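Engineer: One structure, pasted below without further comment.
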Amino acid sequence: MSDPHAFFLRFWLIIGVQVWQTCSKRRVRETGCGKPLSGLATVAKDCAVSEKPPVLLSGGNPQIAKGDGDAPVQAYIAAMPGWKQGVGQKLDAIITSVVPDVAKKVRWNTPFYGVGDGISFVAFHCMTRYIKVTFFKGTDLTPVPKHTSKQFGVRYFHIDEPGAFDEAQFTNWVKQASVLPGEKI
């Protein structure tokens with residue numbers, strides 16, 4: 001009869017290799033990271049903690065990698081801190097319902113919404129005490145959003161804590177802004 005310690009050693013070696021192969025394939029598939037893992041302890045740690053929490057920049061703005069489509073925008077919204085996350089979900093839902101084929105992207109840690117060819121009409125960004133919604137042709141909206149910009153034509157709408165805002169007015173602004181020329185981003 002063989003040594004029971006040798007049996008368990010072989011068993012854990014086989015299981016460890018299978019975990020390493022599974023985890024490394026998952027890392028390549030999910031993150032595009034093809035770097036080899038350094039050992040079984042690293043594999044177990046990497047498998048147990050699949051995502052690092054996003055870094056929050058000044059004002060609590062999430063640091064999200066540049067990307068096109070819904071996924072990076074949803075990652076940004078999921079990383080928004082506290083009450084801002086619920087507001088971000090609401091803003092995204094309103095914009096998507098008003099403009100069903102809206103083009104989404106994240107640039108400069110900010111989600112942008114537009115209509116094809118890189119033309120954007122609205123974006124939002126987390127600040128310390130509020131969310132700043134940017135309308136790139138804001139001076140053409142009726143009524144004009146309250147906050148001015150140094151850039152010609154741009155106006156801002158601020159949503160303060162606890163996140164209550166006039167959804168009907170915001171929906172109206174999105175309808176108006178989506179048919180205006182927009183800005184190439």
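Engineer: May I ask you to verify whether LYS104 is open to solvent by less than 50 Å² (accessible area, probe 1.4 Å) and modelled with pLDDT of 95 or more? Please lay out each step first, then the result.
Structural biologist: Values: open to solvent by less than 50 Å² (accessible area, probe 1.4 Å): yes; modelled with pLDDT of 95 or more: yes.
Considered against the rule, which asks whether it is open to solvent by less than 50 Å² (accessible area, probe 1.4 Å) and modelled with pLDDT of 95 or more, LYS104 comes out as yes.
Engineer: Considering segment 113-131 alone, what residues qualify as being closer than 17 Å to ILE159 by Cβ and in a strand (DSSP E or B)?
Structural biologist: Of segment 113-131, the ones closer than 17 Å to ILE159 by Cβ are 113, 122-131.
Within segment 113-131, TYR113, VAL122, ALA123, PHE124, HIS125, CYS126, TYR130, ILE131 qualify.
Engineer: Sticking with this structure for a sec: Could you tell me which numbered condition TRP173 fails, if it satisfies all but one of (1) under 19 Å from VAL102 (Cα atoms); (2) open to solvent by 60 Å² or more (accessible area, probe 1.4 Å); (3) at pLDDT 95 or above?
Structural biologist: (2)
Engineer: Further question: Considering each of ALA75, ALA71, ALA93 in turn, give the residue that is at pLDDT 95 or above, over 23 Å from ALA177 (Cβ atoms), open to solvent by less than 70 Å² (accessible area, probe 1.4 Å) and assigned to a helix (DSSP H, G or I).
Structural biologist: Working: ALA71 fails: open to solvent by less than 70 Å² (accessible area, probe 1.4 Å); ALA93 fails: over 23 Å from ALA177 (Cβ atoms).
Answer to the selection: ALA75.
Engineer: Oh, and also: Identify, from the list THR128, THR142, THR31, the residue that is of a type in the set (Ser, Thr, Tyr), over 25 Å from LYS175 (Cα atoms), at pLDDT 85 or above and open to solvent by 20 Å² or more (accessible area, probe 1.4 Å). Outline the logic, then answer.
Structural biologist: Working: THR142 fails: over 25 Å from LYS175 (Cα atoms); THR31 fails: at pLDDT 85 or above.
Selected residue: THR128, the only one of THR128, THR142, THR31 that is of a type in the set (Ser, Thr, Tyr), over 25 Å from LYS175 (Cα atoms), at pLDDT 85 or above and open to solvent by 20 Å² or more (accessible area, probe 1.4 Å).
Engineer: Same structure again: Would you check if there is a residue in segment 116-123 being of a type in the set (D, E, K, R), out of contact with any His (no Cβ under 9 Å at 6 or more places or on another chain), surrounded by fewer than 16 Cβ atoms within 10 Å (Cβ to Cβ) and at pLDDT below 95?
Structural biologist: Just the residues of segment 116-123 that are of a type in the set (D, E, K, R), to begin with: 117.
From what is left, the residues that are out of contact with any His (no Cβ under 9 Å at 6 or more places or on another chain) are 117.
When the remaining residues are screened for being surrounded by fewer than 16 Cβ atoms within 10 Å (Cβ to Cβ), the result is 117.
Subsequent filtering for residues that are at pLDDT below 95 retains 117.
Yes, segment 116-123 contains a residue that is of a type in the set (D, E, K, R), out of contact with any His (no Cβ under 9 Å at 6 or more places or on another chain), surrounded by fewer than 16 Cβ atoms within 10 Å (Cβ to Cβ) and at pLDDT below 95.
Engineer: Return the residues of segment 138-185 that are among the hydroxyl-bearing types (Ser, Thr, Tyr) and assigned to a loop (DSSP other than H, G, I, E, B); say none if nothing qualifies.
Structural biologist: We begin by selecting, within segment 138-185, every residue among the hydroxyl-bearing types (Ser, Thr, Tyr); these are 139, 142, 148-149, 156, 171, 178.
Residues satisfying the conditions are THR142, SER149.
The values are calculated or read from the model by the stated rules, or taken from the named source; none is laboratory data. What you see is a predicted model, and the numbers here were worked out from it, not measured in a lab. Neighbour counts are summed over all protein chains in view; Cβ atoms, including those assigned to glycine, are modelled from backbone coordinates with ideal geometry. Note: areas computed on protein heavy atoms with side chains; ligands, DNA, RNA excluded. Shrake-Rupley method; radii C 1.70, N 1.55, O 1.52, S 1.80 Å.
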